[in-house]
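Please read the structure below before turning to the comments.
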């Protein structure tokens, strides 16, 4: 995880519609940037739907919600459409941004194979692009409300 008080790493990634988004375009707004393992899984669906349900309240507080995983643009589009998600989902198949934000960990399976997985994590980034809150190993169903509470 990155430290509170540091500048959030800049990035440009495609969204669920194939349109490029960068962190810089959100300057002047608070950004809830959440990283999740995989579209359509139970925990990730619960988390995304919670953010979707509370999205109008995030907007009222001047914040945008952006989800990031290693899934493809096409996978994100299916996820958005199936659950009516009102926010941006960014695709990072190379995992460069996921690594830059410190949410990728290595582990070893029972068979001895080394794997890399994404730790469900969320950052609150202020209007100037500085990390003001950082949460690792968040609970999927509680994360949206937790971040809404952080906004005050």
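Just so you know, all these numbers are worked out from the coordinates, no wet-lab data involved. Predicted model, so just to flag it, every value in this text is computed and none were measured. Cβ coordinates were reconstructed from backbone atoms using ideal geometry, including for glycine residues, and neighbour counts include every protein chain displayed.
Calculate how many DSSP beta bridges within the range 1-82 are antiparallel, expressed in % of all such bridges and rounded to the nearest 5.
Taking every DSSP beta bridge within the range 1-82, about 35 percent pair in antiparallel fashion.
How much of the DSSP bridge set in the chain is antiparallel, in percent, rounded to the nearest 5? Before the final figure, lay out each step's value.
On the way: 20 of 30 bridges.
The answer is about 65 percent antiparallel.
Would you mind ranking 120, 113 so that the residue whose beta carbon has the fewest other beta carbons within 10 Å leads the list?
By the 10 Å Cβ count, ascending: 113, 120.
How large is the helix-only mean residue ellipticity at 222 nm for the chain, computed as the sum of -39500 (n - 2.57) over DSSP H runs with n ≥ 4, divided by its residue count, in deg cm²/dmol to the nearest 500?
Calculated from helices alone, the mean residue ellipticity at 222 nm is -8500 deg cm²/dmol.
Could you calculate the FRET efficiency of residue 24 with residue 96 from 1/(1 + (r/R0)^6), where r is the beta carbon distance between them and R0 is 25 Å, rounded to 0.05?
For residue 24 and residue 96, the calculated efficiency is 0.90.
Could you check which residue among 127, 106, 81 shows the biggest mean-square fluctuation in a GNM of the chain with a 10 Å Cα cutoff?
106
Would you mind ranking 34, 55, 101, 83 so that the residue whose beta carbon has the fewest other beta carbons within 10 Å leads the list? Please list the in-between numbers first.
On the way: 34 27, 55 19, 101 22, 83 14.
The order, fewest Cβ neighbours first, is 83, 55, 101, 34.
Among 107, 18, 129, whose mean-square fluctuation peaks in a Gaussian network model of the chain (Cα, cutoff 10 Å)?
107
Once both labels are modelled 7 Å past Cα along the beta-carbon direction, what's the residue 105-residue 150 spacing in nm?
Result for the modelled spin labels: 1.8 nm.
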